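Please read the structure below before turning to the comments.
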Amino acid sequence: MALRWSGQISLTRRILAVNIFALLLLAGGFFYLDSYRSRIVDSRVAQSRREVRLIAEAIAAVEPGKRDPLLRRLAADTGARIRLFDPAGVVAADTRLLGVRNFVLQDPDKDPWDQTAARFLDAAIDVIVMAPRPPLYRERSDSARWPDVAAVRAQPIVATTVWRAPDRTPVITAAARLSGGGVVMTTMNTRDITRTVRIERFRLSMVLLVVSIVSILLSLFLARTIVRPLRRLARAAVRVRLGRAREVVVPRLPSRRDELGMLARALSDMSLALRARIDATEAFAADVTHEMKNPLASLRSAVEGLSRVKDPALQAQLLGIVRDDVLRLDRLISDISEASRLDAQLSRAQFEPVDVPRMIEGLLAQRAARGIERGIRIDCDRDPDQRLIVNGEGARLERVFENLIDNAVSFSPDAGLIAIAAGAEGRALVVRIEDEGPGVPEDEREAIFRRFQSIRPESEAFGQHSGLGLAIARTIVEAHQGTIIVESREDRLGGARFVVRLPLADPR
């Protein structure tokens, strides 16, 4: 489910979501501040316990007549309101009544609106972090209603309670038993704790606000730099899919040196290759139509002539034409079928190590067993101790060299010599096939590798070749990351030399 929904959300929103999630982790600092406040309150509670115990000991050590000055001094030093309760629970002394006004529930110097806003923010954050809510502090006329006093009167302990002032500041009360059975209670408004926590929350909020703005801007910038190029590439790909490959210019994004730039250039190259493949397919279809029209026209003329000719000799001649045209069509269709399937078959081929010189020797042995016409000799020169291995498909490479040898035989004169040499040059296997024929004109050396382009010897019967042999050979060689060219021989004998280069396999 999560994967399905993530695929339905735009990339921009996902980038924003990831960065906002990181900000939420930063906002977890508010939970830390609540823990920080709790630790400070706990330390103040412990401090109040120690102070009320010391105050009780100090009061017990002085005479009753010197108690009030001591209480004033202790209240001024501790910042707490001190009250004494006699054994009956009646207030015996109160530092407020003695003129010490150090305990107030609300800060008189603070603007009421500021207090309201601060209390609202404190309440909201406390709800978010699920902080415990102390009871509200209220003055009590009856000492029994003070839980600390009641607890101390019940048993000799030091009791403390944390309250909540109206402005949400912690109020800590602590009580301890006096030696005569009375109780001393201190009340302290720890406003400094709230002030410190509010300052830290404000700082954290400002940091979170600035980081959020920067993160959102960076997310939008990142989405802009990623999503916009991807949308341009997607629109171009859709137009290519709709059959408008020739009209589409896929942006190459030359200024991008990252993965998006690599993707854009790869898609651009792919669209150019697709455009070239479409053009080649259309040109191939046009060439196939043209090449098949000639034998079909000849075949139709011969068939129509058979119905009108009565001479047996002419009928036999027309039947020979029909037979030759049928064979020519059969050869043409076979070569066209192979040429059209060649690219797809090579893309799925599993390459294996192939010893090319040994493969050529096997082809020559088979040809010698069948007999070579017109007394033509074939000489193969190779170092028997040198293993020249390439990675490729053996059957396709056999077709390359068989086509080249057939081509050399057809152009060689009677009793001519065909020389085949194989050797290594650097990290490439180079095979040269030379004949003593008329050679290939310089302006035709590239054209003979095109489909249906053929320069045949005059002595050869018409229609023996489809003009696809060298085109098929070049396609196979280039699929093996190699090259094939034709050049003239340097010696005075003349003739053509076909040079095939294939990368050698890694010796490891």
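The values are calculated or read from the model by the stated rules, or taken from the named source; none is laboratory data. Not measured: the values here are computed from a predicted model. Glycine also receives a Cβ, built like all others from the backbone with ideal geometry; neighbour counts cover every protein chain displayed. For the accessible areas, the whole protein counts, side chains as well, though only heavy atoms, and no ligand, DNA or RNA atoms are used. Shrake-Rupley method; radii C 1.70, N 1.55, O 1.52, S 1.80 Å.
Any idea how far apart Glu361 and Arg252 come out in nm if each label point goes 7 Å out from Cα toward Cβ?
4.8
Among 257-268, 169-180, how do they line up from the highest to the lowest mean number of other beta-carbon atoms within 10 Å?
Taking the mean over residues of other Cβ atoms within 10 Å, the ranking is 169-180, 257-268.
For a quick protection proxy, order the peptides 352-364, 38-50 by their average other-Cβ count within 10 Å, most packed first.
352-364, 38-50
Just from the alpha-carbon atoms, what are the Rg and Dmax of the range 116-235 in angstroms?
In order Rg, Dmax, the Cα atoms of the range 116-235 give 25.6, 93 Å.
Computed FRET efficiency, Cβ-Cβ of Arg14 and Ala124, R0 25 Å: what is it to the nearest 0.05?
Here the calculated transfer efficiency is 0.25.
Going toward the positive end of the dipole of the range 136-263, with +1 on Lys and Arg Cβ and -1 on Asp and Glu Cβ, which of Val250, Leu222, Leu208 do you reach last?
Positive-most Cα among the choices belongs to Val250.
Using the charge dipole of the range 348-434 (Lys, Arg: +1 at Cβ; Asp, Glu: -1 at Cβ; taken about the Cα centre), state which of Ala369, Ile433, Phe351 has its Cα farthest towards the positive end.
Phe351
When only the heavy atoms of the protein chains count and the probe is 1.4 Å, how do Met206, Met188 rank by accessible area, highest first?
Greatest to least solvent exposure: Met206, Met188.
Answer rounded, prolate or oblate for the range 400-448, using the Cα gyration tensor with square roots of eigenvalues a ≥ b ≥ c: rounded when a/c is under 1.5, else prolate when a/b is larger than b/c, else oblate. Present the calculation step by step, with values, prior to reporting the outcome.
Values: a/c = 2.11, a/b = 1.35, b/c = 1.57.
Because a/c hits 1.5 or more and a/b fails to exceed b/c, the range 400-448 counts as oblate.
Which of rounded, prolate, oblate describes the range 185-264, given a ≥ b ≥ c as roots of the alpha-carbon gyration tensor eigenvalues and a/c under 1.5 marking rounded, otherwise prolate only if a/b is larger than b/c?
Since a/c reaches 1.5 and a/b is larger than b/c, the shape of the range 185-264 is classed as prolate.
Taking R0 as 22 Å, what's the FRET efficiency between Val499 and Phe351 from their Cβ-Cβ distance, rounded to 0.05? Please list the in-between numbers first.
Working: r = 22 Å, r/R0 = 0.99.
The formula returns an efficiency of 0.50 here.
First measure r as the distance between the Cβ atoms of Ile333 and Glu425, then evaluate 1/(1 + (r/R0)^6) with R0 = 41 Å and state the FRET efficiency to the nearest 0.05. Could you put the intermediate results ahead of the total?
Values: r = 39 Å, r/R0 = 0.96.
That pair, Ile333 with Glu425, gives E of 0.55.
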